[in-house]
Amino acid sequence: MSSRPSLVSRRGFGFLLLAVLAGSGCGHSARNLSLDPELARKSCTEFLDAWKAGKTVKDLLPAIIARDEDWEGGAELVAYEVLPDERSDGTNLHIPTRLTLKKPKGKETKTDVTYVVGTSPAVSVFRE
């Protein structure tokens, strides 16, 4: 018998090590990331206003890290309405919004979406 560890046990150790390192993160957990609800609302409005004004997602950097597939896909934001019943999960504010979009080749459509807005460690706006 060989005293060397088998390939399977070395792989298992590697996966275990990766899991431990990934779980430890960079010293931040969702529990210690604070939410500033007022900043979250303001940032979501700034995000939507920029889109409506014809700007790009990149125009918001570095103040707001954002992504919306319709915006990036060329849809025009004709109008928006922030709906009631936002909710906080402690780290992010979930803001329901009604969008009136005009697709590059199409007609206007209304769609209800929810934006997830975080304020720590950076301001971010993403569609749920």
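The values are calculated or read from the model by the stated rules, or taken from the named source; none is laboratory data. Computed from a predicted model, the values in this text were never measured in an experiment. Here the Cβ is made from the backbone with ideal geometry for all residues, glycine too, and neighbour counts use every protein chain on show. When the accessible area is computed, the model is the full protein with side chains, heavy atoms only, and any ligands, DNA or RNA have been set aside. Shrake-Rupley method; radii C 1.70, N 1.55, O 1.52, S 1.80 Å.
Just one of (1) of a type outside the set (V, I, T); (2) open to solvent by 60 Å² or more (accessible area, probe 1.4 Å); (3) at pLDDT 95 or above; (4) assigned to a helix (DSSP H, G or I) fails for F47. It is (2).
S6 satisfies every condition listed in (1) at pLDDT below 95; (2) in contact with a strand residue (DSSP E or B) (Cβ under 7 Å, 6 or more places away or on another chain); (3) among the hydroxyl-bearing types (S, T, Y) except (2). Residues of the range 63-81 that are without any contact (Cβ under 8 Å) to a residue 40 or more places away in the chain and not charged (D, E, K, R): W71, G73, G74, A75, L77, V78, A79, Y80. Of everything in the range 65-96, what is buried (at least 19 other Cβ atoms within 10 Å of the Cβ) and β-branched (V, I, T)? Give them in sequence order. Once the filter is applied, which keeps residues that are buried (at least 19 other Cβ atoms within 10 Å of the Cβ) and β-branched (V, I, T), the range 65-96 yields only I95. Selection of the range 84-105 for residues being farther than 18 Å from S120 by Cβ and either of a type outside the set (S, T, Y) or free of Cβ contacts under 8 Å to residues at least 12 places away in the same chain (or both) yields P84, D85, P96, R98, L99, L101, K102, K103, P104, K105. Only one of the numbered conditions (1) touching a residue at least 60 places away in the same chain (Cβ under 8 Å); (2) open to solvent by less than 80 Å² (accessible area, probe 1.4 Å); (3) farther than 14 Å from L48 by Cβ is not met by Y115, and that is (3).
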